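Novice: Could you have a look at this structure, given as structure tokens, before my questions?
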């Protein structure tokens, strides 16, 4: 049995676990996770997602993931069909057990079980985005363990079970999503983006334990406030245009545009979620549709380069951690051709995982670091 000591500290409740010897490893892991996501509350509110089509109809979902506190030690996982997983709960690894209907590849953070972004062999992609103070889950109740899943493993469940957005919509109420920190998880809640190879995309937000599903006509997601608020906020920027305004006569003085980009004067440039949502929406809306999947994949990376967050943006000068960037990795997923691309803050070289080359019936469960080493080779030009 678990006992909890509750300690108040800086507006949050930190659970300290006392447990039997055979649960020490699991509970230590949960303690680390809880501490990590309390820190997330102050330092990580910054993920940005976009989607694009190529001219041949290939559909892409791309995103950044930010965490300014420490290296997330991210890995990619390969999960075969018929692989069984059991969810963590605030009391250990005793939540629902689910077997993979589909194999998938995921990019995980902190623990291999916590897939932040991924793609399955049917062409369904899902990812989590931080959503503090707006989302809130059902309280954990152990009598519902057989249908309880942690918010950090919800992506794994989606990828393992469903082939389409419509299947997700039809089955989402079959599980109880809970926070590993206990309580309703409001301080470090998550919302999710899910898309399929047809180009359909939804945003899932859970408020007071009730899932709300929104179609995503813009193809952009960031963080709080709620998704519908972000859509309404776009109305404040309908004057923005990629076309430079013409010169104007003011009395006998001719006023000329000062340079290219005058049509976007007023586009917000800070790193808050509302500003990033607006910026991503207009960058996406004005981007040309490119001919090939490769060109579109590279275009996604180029657009998301604008959302890299320098590490010093989150800390006083004397507290900056030793990391190259708060943006730890960027991924681009081709849902049509079933390919996962990524680059990291240590190595900007783009790497590809082709799901078509994986036999999910025979492959073993495995995970590997995103970077073999924490550096990038520099090509020296010779003359």
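The values are calculated or read from the model by the stated rules, or taken from the named source; none is laboratory data. Everything numeric here is computed off the predicted structure, so don't read it as measured data. Cβ: placed from backbone, ideal geometry, glycine included. Neighbour counts: every protein chain shown.
Novice: Which one of the conditions (1) closer than 20 Å to residue 193 by Cβ; (2) not in a helix (DSSP H, G or I) does residue 289 fail to meet, given that it meets all the rest?
Specialist: Unmet for residue 289, out of (1) closer than 20 Å to residue 193 by Cβ; (2) not in a helix (DSSP H, G or I): (1).
This table checks each residue for (1) in contact with a helix residue (DSSP H, G or I) (Cβ under 7 Å, 6 or more places away or on another chain); (2) closer than 12 Å to residue 153 by Cβ; (3) at pLDDT below 95.
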residue: 86; (1), (2), (3): no, yes, no
residue: 98; (1), (2), (3): yes, yes, no
residue: 107; (1), (2), (3): no, no, no
residue: 113; (1), (2), (3): yes, yes, no
residue: 117; (1), (2), (3): no, no, no
residue: 120; (1), (2), (3): yes, no, no
residue: 126; (1), (2), (3): yes, yes, no
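Okay, residues lined up against (1) farther than 21 Å from residue 46 by Cα; (2) without any contact (Cβ under 8 Å) to a residue 60 or more places away in the chain; (3) touching a helix residue (DSSP H, G or I) at 6+ places or on another chain (Cβ under 8 Å); (4) assigned to a loop (DSSP other than H, G, I, E, B):
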site	(1), (2), (3), (4)
225	no, no, yes, yes
239	yes, yes, no, yes
242	yes, yes, yes, yes
254	yes, yes, no, no
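Novice: Here is a check on your reading of the model: is residue 288 modelled with pLDDT under 95 and either exposed (fewer than 13 other Cβ atoms within 10 Å of the Cβ) or farther than 30 Å from residue 356 by Cα (or both)? Break it down stepwise before answering.
Specialist: Details: modelled with pLDDT under 95: no; either exposed (fewer than 13 other Cβ atoms within 10 Å of the Cβ) or farther than 30 Å from residue 356 by Cα (or both): yes.
When the stated conditions are applied, residue 288 does not pass them.
Novice: Sticking with this one: State all residues of segment 250-264 that are more than 29 Å from residue 129 (Cβ to Cβ) and surrounded by fewer than 16 Cβ atoms within 10 Å (Cβ to Cβ); if no residue qualifies, say none. Show your work before the answer.
Specialist: Kept after step one, since they are more than 29 Å from residue 129 (Cβ to Cβ), are these residues of segment 250-264: 250-260, 262-263.
Once the filter is applied, which keeps residues that are more than 29 Å from residue 129 (Cβ to Cβ) and surrounded by fewer than 16 Cβ atoms within 10 Å (Cβ to Cβ), segment 250-264 yields 250, 251, 252, 253, 254, 255, 256, 257, 258, 259, 260, 262.
Novice: Regarding residue 190, is this residue crowded, with 20+ Cβ neighbours inside 10 Å, over 22 Å from residue 286 (Cα atoms) and without any contact (Cβ under 8 Å) to a residue 40 or more places away in the chain?
Specialist: Details: crowded, with 20+ Cβ neighbours inside 10 Å: yes; over 22 Å from residue 286 (Cα atoms): yes; without any contact (Cβ under 8 Å) to a residue 40 or more places away in the chain: no.
When the stated conditions are applied, residue 190 does not pass them.
Novice: Something else: Looking only at segment 175-182, decide whether some residue is buried (at least 17 other Cβ atoms within 10 Å of the Cβ), under 20 Å from residue 163 (Cα atoms) and touching a residue at least 12 places away in the same chain (Cβ under 8 Å). Talk me through it step by step, then tell me what you get.
Specialist: Step one: of segment 175-182, the residues buried (at least 17 other Cβ atoms within 10 Å of the Cβ) are 175-182.
With the extra rule that they be under 20 Å from residue 163 (Cα atoms), the set shrinks to 175.
Now drop any that are not touching a residue at least 12 places away in the same chain (Cβ under 8 Å), which leaves 175.
Yes, segment 175-182 contains a residue that is buried (at least 17 other Cβ atoms within 10 Å of the Cβ), under 20 Å from residue 163 (Cα atoms) and touching a residue at least 12 places away in the same chain (Cβ under 8 Å).
Novice: Moving on to the next point. Please give the number of the condition residue 348 fails out of (1) modelled with pLDDT under 95; (2) within 24 Å of the chain's Cα centre (by Cα).
Specialist: Of everything listed in (1) modelled with pLDDT under 95; (2) within 24 Å of the chain's Cα centre (by Cα), residue 348 misses just condition (1).
Novice: Another one. Mind listing whichever residues of segment 225-249 are surrounded by 11 or more Cβ atoms within 10 Å (Cβ to Cβ) and at pLDDT below 95?
Specialist: Selection gives 240, 241, 242, 244, 245.
Novice: Can you tell me which residue within segment 329-383, out of those that are touching a helix residue (DSSP H, G or I) at 6+ places or on another chain (Cβ under 8 Å) and assigned to a loop (DSSP other than H, G, I, E, B), is surrounded by the fewest Cβ atoms within 10 Å (Cβ to Cβ)? Reasoning before the result, please.
Specialist: Here is the first cut: in segment 329-383, the residues touching a helix residue (DSSP H, G or I) at 6+ places or on another chain (Cβ under 8 Å) are 330, 332, 334, 336-341, 343, 350.
Keeping just the survivors that are assigned to a loop (DSSP other than H, G, I, E, B) gives 336-338, 350.
Numbers: 336: 19, 337: 19, 338: 21, 350: 13.
It comes out as 350.
Novice: Quick check on my filter: what residues within segment 135-169 are within 24 Å of residue 219 (Cβ to Cβ), out of contact with any helix residue (DSSP H, G or I) (no Cβ under 8 Å at 6 or more places or on another chain) and not in a helix (DSSP H, G or I)?
Specialist: 163, 164, listed by residue number.
Novice: Can you spot a residue in segment 262-278 that is in a loop (DSSP other than H, G, I, E, B), in contact with a strand residue (DSSP E or B) (Cβ under 6 Å, 6 or more places away or on another chain) and under 21 Å from residue 49 (Cβ atoms)?
Specialist: Restricting attention to segment 262-278, the residues satisfying the condition of being in a loop (DSSP other than H, G, I, E, B) are 265-272.
Restricting the remaining residues to those that are in contact with a strand residue (DSSP E or B) (Cβ under 6 Å, 6 or more places away or on another chain) gives none.
Within segment 262-278, not a single residue is in a loop (DSSP other than H, G, I, E, B), in contact with a strand residue (DSSP E or B) (Cβ under 6 Å, 6 or more places away or on another chain) and under 21 Å from residue 49 (Cβ atoms).
Novice: Additional query: Under 7 Å between Cβ atoms, at least 6 apart or on separate chains: pull out the pairs that start in segment 280-305 with a residue that is more than 17 Å from residue 59 (Cβ to Cβ) and end on any residue that is assigned to a helix (DSSP H, G or I) and at pLDDT 95 or above.
Specialist: Note: pairs meeting the criteria are 281/234; 283/303.
Novice: While we're here: Have a look at 308, 322 and point out the one that is part of a loop (DSSP other than H, G, I, E, B) and modelled with pLDDT under 85.
Specialist: None of the other options fit; the residue is 322.
Novice: Residues that are surrounded by 19 or more Cβ atoms within 10 Å (Cβ to Cβ): find the strands (runs of 3 or more DSSP E) completely inside segment 48-93 holding 3 or more of those.
Specialist: Working: elements: 49-53, 59-66, 75-79, 84-86.
Passing ranges, in order: 49-53, 59-66, 75-79.
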